[in-house]
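Enquirer: One structure coming up, written as structure tokens, with questions to follow.
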Amino acid sequence: RYDSAELYFKRGLQQNEIENGKRKNIYAGLTYRYNGDLLAARGNNEMALQQYQAAIQQMIFSFNDTSVFASPSDYSGTFAVIELYETLLAKAAAFQALYQEKNKIDYLEAALQTFNSLYQLTDYVEKTYESDEARILLNQKRHISHQQPIEICIRLFKLTGKNLYLEQAFFFDERNKASVLSLGLSDAALKKAGNLPAPLVAEEINCKELINQLSLKASGTNDSISLASLLAQIREQE
């Protein structure tokens with residue numbers, strides 16, 4: 001029911017404007033994301049990209065670039081990681097669809113850049129969060145779509161003849177293997193084998209647990225002053 005969906009997304013954004021003004025929040029981010037999905041389903045990928053970009057701006061407090069060709073590279077303080085992952089994946093798909101429509105290599109390169117940003121997000125989560133559930137979930141999601149950036153790299157190599165794209169394809173493949181292997185290993189056992197000081201390991205665990213707690217608080221607040229304070233505390237623990 002595309003018409004009904006469009007109507008209620010529009011109402012949702014109007015209500016968000018009333019309640020939150022210009023304050024960034026996850027609910028506005030999700031509404032922009034779903035509106036992008038609606039536009040993509042209707043075949044309007046250019047407009048969908050604008051909605052995905054607006055969603056990313058809402059989900060990352062420090063990211064404000066309105067160009068659809070820009071993707072985040074710094075994820076410090078990010079708390080809506082699953083929602084952000086899905087948005088980046090949808091953005092990459094929209095660029096791929098535009099390439100199929102217009103046969104412009106810029107769109108294919110933009111899709112690859114978006115996948116690079118997506119992988120940076122999963123790397124950030126692996127290093128920062130103590131929650132195994134979050135890390136496993138994101139790695140499962142990445143594994144499902146891992147063939148897409150490899151195929152883009154191979155297509156770009158065939159179009160340009162540049163070995164750089166083959167190297168990137170290899171890099172994407174190896175990163176997937178490394179993530180799967182790392183999840184099968186015990187961090188604690190590795191650190192113990194490395195003779196790391198126990199107090200230092202305990203301090204790292206405490207930092208990660210506090211990041212989890214602060215992230216949960218941040219995801220539930222719409223007050224810009226409180227959110228800025230929570231994100232500053234997250235960055236300090238990182």
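Enquirer: Measure off 7 Å from each Cα along the Cα-to-Cβ vector at Lys162 and Leu200, then give the distance between these two points in nanometres to one decimal.
Expert: 4.0
Enquirer: May I pose another question? Would you work out if segment 45-118 is rounded, prolate or oblate? Take a ≥ b ≥ c from the square roots of the eigenvalues of the alpha-carbon gyration tensor; rounded if a/c is under 1.5, else prolate when a/b is larger than b/c, oblate otherwise.
Expert: Note, shape of segment 45-118 comes out prolate.
Enquirer: Follow-up. Please list 3J(HN,Hα) in residue order for segment 109-123, calculated via the Karplus relation 6.51 cos²θ - 1.76 cosθ + 1.60 where θ = phi - 60°; whole Hz, with x for glycine and proline.
Expert: 5, 5, 4, 5, 4, 5, 5, 4, 5, 4, 5, 5, 5, 5, 5
Enquirer: Please work out how much length the chain gains when fully extended from Glu238 to Arg11, using 0.36 nm per residue of separation minus the C-alpha to C-alpha distance, in nm with one decimal.
Expert: Here the answer is 78.0 nm.
Enquirer: Using a simple spin-label model with points 7 Å from Cα along the Cα→Cβ vector, what separation in nm is obtained for Ile18 and Lys104?
Expert: A separation of 3.9 nm, rounded to one decimal place.
Bear in mind that the values in this text are calculations on the coordinates, not laboratory data. Since the model is a prediction, treat every value here as computed from it, not as a measurement. Cβ coordinates were reconstructed from backbone atoms using ideal geometry, including for glycine residues, and neighbour counts include every protein chain displayed.
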